[in-house]
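Chemist: Once you've had a glance at the structure underneath, I'll fire off some questions.
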Amino acid sequence: MATRDISTVTVLGAGSMGHGIAEVSAIAGYEVRLRDIEQEMVDNGYEQITWSVEKLAEKGYLGDQTPEDILERIEPLVDIESAVAGSDLVIEAVPERMDIKRDVYEQIDELAPSEAIFASNTSSLSISELAAHTNRPEQVCGLHFFNPPVRMELVEVISGDKTAPDVLDVATEFVETIDKTPIRVSKDSPGFVVNRILVPLINEATWLVSDGVADIQSVDASAKFDIGLPMGCFELADQIGVDVILDVVDHLHDVLGEAYEPGPRLVEQVDSGEFGKKTGSGFYEYEADGVTIPPDAGSQEAENRLVAVMANEAAKLIANDVSTVETIDKAVTLGGGFPKGPAMLADEYKVKELIETLEEAHEESGHPRYEVSQQLREIVSSGGFYGDSDRLDLLEIDYPAEHVGRITIDRPTQLNTLNLAVLDQLDRAIDTVFEGDENVRVLLLTGRGDRAFSAGAEVHSVVGDESPVESIEVSRKGQQVFEKLETTSVPVVAAINGFCLGGGMELSMAADVRIASEKARFGLPEHTLGLLPGWGGTQRLQWLIGESRAKEIIFTAEQFDAETMREYGFVVEVVEDDTVDKRALELATLLTARAPVAQQLTKEAMRAGRHDSTTGFDMEAHAFGHLIGTDDVNEGIAAFSNDKDPEFKGE
């Protein structure tokens, strides 16, 4: 069965996950049947979809589709036989209990077409065990969506012991057609990838409190402000549901052993009946001020142990052939919203030192959760998870057309924000893109996804606790990298879709030409933070649009739409949202047909004349003289005389 043969998708369970999966499937054009055991449950799920698609339409996210178009593709049902009859793909999203799921699989196996694929949305239960309750185990896999499915990009595609490779291929392609990012989980292991990192992390946080290492706010400050995670561990547990966390920890404990024993503080919280945000209180109170985490309350010991536990879990996943280091990091950044995956974090903290942290904690507590995995010891002997310090994992380099190189900031879940690691990689990428193809004549620069070119710098990681002297070096680092981009010998075209703010806007200033989507938003918000643009923005912006307009943008710290920035002269063209990459590539391709040496000398002359027109005129004259007699000029004149297109060689 090929993906094109999937036309009807059945979703069993109309709760928050089920109706979200049904919604994204219908938006992608599939005929969807949404089923639950009671009419009220189905109706509630359908109402949630109605509300959601209307909101998406208001924000312009549905393109040419209307909410009515999407809702017409969704059929709410209670009768399970009608729900699965003729279905190509059945996605099960019923409560996370093996007994309930087992009954569902036994029932649908009798009713669904023999060629239908079954996929479970389970977050941790065994796909192989679920498949064993059918007569088609080779057609059963996992499709673990993240909450809410409409917003979260990641879907884990999990293989059971008997899942056929072509079924995994079809499932993966299906995920791509609904505009999600599939991550293949090669082996059926409890927690799969993301929850195998997140849940032990949260469990460790509760153990730290139970053992008196730190209190709740200190642990969360360490996670959120020192490590840089999007939420504190207890804050995240409250968001997910403390009872849900304990269910997963219990499952890990049952299957994997004592290293996954639930922390006493976690058990106490569930016993209290206060499960987090959904009940109004959990580790934090939500009826009053909600979550307040002091940024400076972190504990070094808590910070080290949290990172060490994540590193140990990542190493176990690699050792058991569940996933690769790159896939683990990608999954956790997409599914958990982490700015960096656990392996990359471990390399930054030094794996050797994390092993020492685990050994000291094990000696102190005697608990098996601190036992260092053999894989982690082997990783430290290899120089870390990645080993090669020259990797480019925050960026992507490709060559979308002849003579065109492209650098894409690849951090969509973080809105392609910039930190020192991104700057380091961009510095190397500017060289690497030409090493990969020495004939590159135009460089394209963009950000992954349609939400942001780059929403700016990661404030906490870039500003942090640096001294004034260290902060000067941070500023100079950005200035140096952007200067390198600006002074490349070839034209640089920036394709801007979504947010282009702060350091991201400063990056775009280093391009020669900027093309923006209609929804692009520009701004320099530094004055709202007590800062100023420190990566060249105070200088380049006034060179590009004049001092008065530059001051308006910097002083107001407001966001400006794409059309306004075109009128200001910052953007050369505004195009429809879904055409910005295409149009930027068209322009880049056009520029590759122009004389490369002349382009390089033009950039140098214009740059020289920014502050001193006499110097600029002098360089222009020398450049003009230099070009006379070059092969490119001879080719250009001959082509003009013969009324044909020139073929410049850059000589």
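Chemist: Once both axes come from the Cα atoms, what is the angle between helix 194-210 and the longest principal axis of the chain, in degrees from 0 to 90, rounded to 10?
Modeler: 70
Chemist: Then there is this: Would you please put 444-451, 593-600, 303-310 in order of how densely packed they are, using the mean number of other Cβ atoms within 10 angstrom per residue and starting with the highest?
Modeler: With the highest mean Cβ count within 10 Å placed first, the list reads 303-310, 444-451, 593-600.
Chemist: Using Cα pairs under 8 angstrom and six or more residues apart, how large is the relative contact order of the chain, in percent?
Modeler: Across the chain, relative contact order equals 7 percent.
Chemist: Grab the beta carbon distance between Phe640 and Asp427, set R0 = 35 Å, and tell me the FRET efficiency rounded to 0.05. It would help to have the intermediate numbers written out before the result.
Modeler: Working: r = 40 Å, r/R0 = 1.15.
The value I calculate is 0.30.
Chemist: Name the shape class, rounded, prolate or oblate, that the alpha-carbon gyration tensor gives for the stretch 524-651, where a ≥ b ≥ c are the square roots of its eigenvalues, rounded holds for a/c under 1.5, and otherwise prolate holds if a/b is larger than b/c and oblate otherwise.
Modeler: oblate
Chemist: Same structure, new question: Compare the peptides 166-172, 273-279, 628-634 by average per-residue count of other Cβ atoms within 10 angstrom and give them in order, highest first.
Modeler: Working: 166-172: 19.3, 273-279: 17.7, 628-634: 13.7.
Ranking the peptides 166-172, 273-279, 628-634 by packing returns 166-172, 273-279, 628-634.
Chemist: Count the lysine pairs in the stretch 457-609 whose Cα atoms sit under 24 Å apart, keeping only pairs 8 or more residues apart in sequence or on different chains.
Modeler: Final tally of qualifying lysine pairs is 5.
Chemist: Enumerate the calculated ³J(HN,Hα) couplings along the stretch 165-177 in order (Karplus 6.51 cos²θ - 1.76 cosθ + 1.60, θ = phi - 60°), each rounded to whole Hz, writing x wherever the residue is Gly or Pro.
Modeler: Couplings: x, 5, 5, 5, 5, 5, 4, 5, 5, 4, 4, 5, 5 Hz.
Chemist: Sort 526-532, 337-343 for me by packing, meaning the mean count of neighbouring Cβ atoms within 10 Å per residue, highest on top.
Modeler: 337-343, 526-532
Chemist: Here is a further query. To the nearest 10 degrees, how steep is helix 596-608 against the longest Cα principal axis of the chain, on a 0 to 90 scale?
Modeler: 80
Chemist: Is the shape of the stretch 407-527 rounded, prolate or oblate, going by the alpha carbon gyration tensor and its root eigenvalues a ≥ b ≥ c, with a/c under 1.5 for rounded and a/b larger than b/c for prolate?
Modeler: oblate
Chemist: So how tilted is helix 580-592 from the main axis of the chain? Cα-based, degrees 0 to 90, rounded to 10.
Modeler: Computed tilt is about 30 degrees.
Chemist: Can you figure out the FRET efficiency of His527 with Ser381, using R₀ = 56 Å and their beta-carbon distance, to the nearest 0.05? Write down the numbers at each step before the final one.
Modeler: Numbers: r = 49 Å, r/R0 = 0.87.
In this case the efficiency is close to 0.70.
Chemist: What shape does the stretch 293-341 take by its C-alpha gyration tensor, where a ≥ b ≥ c are the square roots of the eigenvalues and a/c under 1.5 counts as rounded, a/b above b/c as prolate, and the rest as oblate?
Modeler: Oblate, because a/c is 1.5 or more while a/b does not exceed b/c.
Chemist: For the stretch 504-518, just list the computed ³J(HN,Hα) in residue order, Karplus coefficients 6.51, -1.76 and 1.60, θ = phi - 60°, integers in Hz, with x standing in for Gly and Pro.
Modeler: x, 5, 4, 4, 5, 5, 7, 7, 7, 9, 10, 10, 10, 7, 4
Chemist: How big is the dipole moment of the chain about its Cα centre under a simple scheme where the beta carbon of each Lys and Arg is +1, that of each Asp and Glu is -1, and everything else is neutral? Debye, nearest 20, please.
Modeler: That gives the chain a dipole magnitude of about 1540 debye.
Chemist: From the alpha carbon gyration tensor of the chain, can you work out the equivalent ellipsoid semi-axes (sqrt of 5 times each eigenvalue) and give them in Å, largest to smallest?
Modeler: 47, 32, 24
Chemist: Could you list, in their original order, any pairs among Lys101/Lys340; Lys55/Lys224; Lys162/Lys316; Lys180/Lys277; Lys101/Lys187; Lys224/Lys330 whose Cα atoms are separated by more than 24 Å?
Modeler: Lys101/Lys340; Lys55/Lys224; Lys180/Lys277
Chemist: For a quick check: with amide H placed at 1.01 Å from N, whose amide H comes under 5 Å from Phe560's, ignoring anything fewer than 5 positions away on the same chain?
Modeler: Correct list: Phe522, Gly523.
Chemist: What FRET efficiency would be calculated for the residue pair Glu81, Asp578, taking the C-beta separation as r and a Förster radius of 51 Å, to the nearest 0.05? Don't skip to the answer; put the middle values down first.
Modeler: Working: r = 40 Å, r/R0 = 0.79.
For Glu81 and Asp578, the calculated efficiency is 0.80.
Read-outs throughout are calculated quantities, based only on the coordinates presented, and are distinct from any laboratory measurement. None of the values given here were measured: they were computed from a predicted structure. FYI the Cβ positions are ideal-geometry reconstructions off the backbone, even for glycines, and counts take in every protein chain you see.
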